[in-house]
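The values are calculated or read from the model by the stated rules, or taken from the named source; none is laboratory data. Quick caveat: nothing in here was measured; it's all calculated off a predicted structure. Note: ideal-geometry Cβ built from the backbone for every residue, glycine included; neighbour counts use all protein chains shown.
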Amino acid sequence: MHSICVKDQRMHFSASHFLKSEGEFENLHGHNYSLKIKLTGPLNDDGMVYDFREVKSKALKILKTLDHKVLLPGESKTVNVTKSDGFIEVLVGKKRYVFPEEDCVIIPTRATTAELLAQYLHEHLEFPKDFKVKVCVSESAGSTGCYMK
């Protein structure tokens, strides 16, 4: 099997989030996330696993939906997220946030960790079923979460 690894300076997004860590909720904060995708599979007739440009195009399309958004966990047991009249209310610990709906993305996960963001992106990137795909999301240099299937 052959593989390609795609990381492009355009494959990034800026977003804010908060996490529960060691029993405490972090303050709302942001990251300049970057994305890397590794595809393993057979070579096509042109001698490529997959066209780099197509991988980048697929990634940029989904990343655009996350850029400059507040990322909220839709399946959390400790973060209550509700929509009403064009706004999203978030109750977390002793804090209450209210955001315009268009400024948020509710991710169908229990948290907005790099690992779960990698899984979310993996699920929205369509590649041939017989390919092994690894998606990695970095919050910063040296802090990366990955999902592979």
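Give the residues of the range 17-40 that are touching a Leu at 6+ places or on another chain (Cβ under 6 Å) and surrounded by fewer than 18 Cβ atoms within 10 Å (Cβ to Cβ), sorted by residue number.
Within the range 17-40, GLU26 is the sole residue that qualifies.
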query: Picking from THR65, THR78, THR82, which residue would you name as being without any contact (Cβ under 8 Å) to a residue 60 or more places away in the chain and over 20 Å from ASN27 (Cα atoms)?
result: THR65
- request: Output the number of residues of the range 1-23 satisfying the condition of being under 30 Å from LYS77 (Cα atoms), touching a residue at least 12 places away in the same chain (Cβ under 8 Å) and assigned to a strand (DSSP E or B).
  value: 7
message: Please go through the range 54-106 and give me each residue that is surrounded by 11 or more Cβ atoms within 10 Å (Cβ to Cβ), among the aliphatic types (A, V, I, L, M) and out of contact with any His (no Cβ under 9 Å at 6 or more places or on another chain), ordered by number.
response: VAL55, ALA59, LEU60, LEU66, VAL79, VAL81, ILE88, VAL90, LEU91, VAL92, VAL105, ILE106
task: For the range 108-124, indicate whether the set of residues that are crowded, with 17+ Cβ neighbours inside 10 Å, in contact with a His (Cβ under 8 Å, 6 or more places away or on another chain) and at pLDDT 95 or above is non-empty.
output: yes
- prompt: Scanning the range 113-149 for residues that are of a type in the set (D, E, K, R) and in contact with a strand residue (DSSP E or B) (Cβ under 9 Å, 6 or more places away or on another chain), which turns out nearest to PHE18 (Cα to Cα)?
  reply: GLU139
message: Quick check on the range 43-53. Is at least one of its residues within 20 Å of PRO108 (Cα to Cα) and surrounded by 12 or more Cβ atoms within 10 Å (Cβ to Cβ)?
response: no
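Is one or more of the residues making up the range 55-65 at pLDDT 95 or above, in contact with a helix residue (DSSP H, G or I) (Cβ under 6 Å, 6 or more places away or on another chain) and not small (Gly, Ala, Ser)?
Checked the range 55-65: at least one residue is at pLDDT 95 or above, in contact with a helix residue (DSSP H, G or I) (Cβ under 6 Å, 6 or more places away or on another chain) and not small (Gly, Ala, Ser).
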query: With (1) of a type in the set (D, E, K, R); (2) within 22 Å of GLY23 (Cα to Cα); (3) in contact (Cβ under 8 Å) with a residue 40 or more places away in the chain as the list, and LYS36 as the residue in question, which single condition is left unmet?
result: (2)
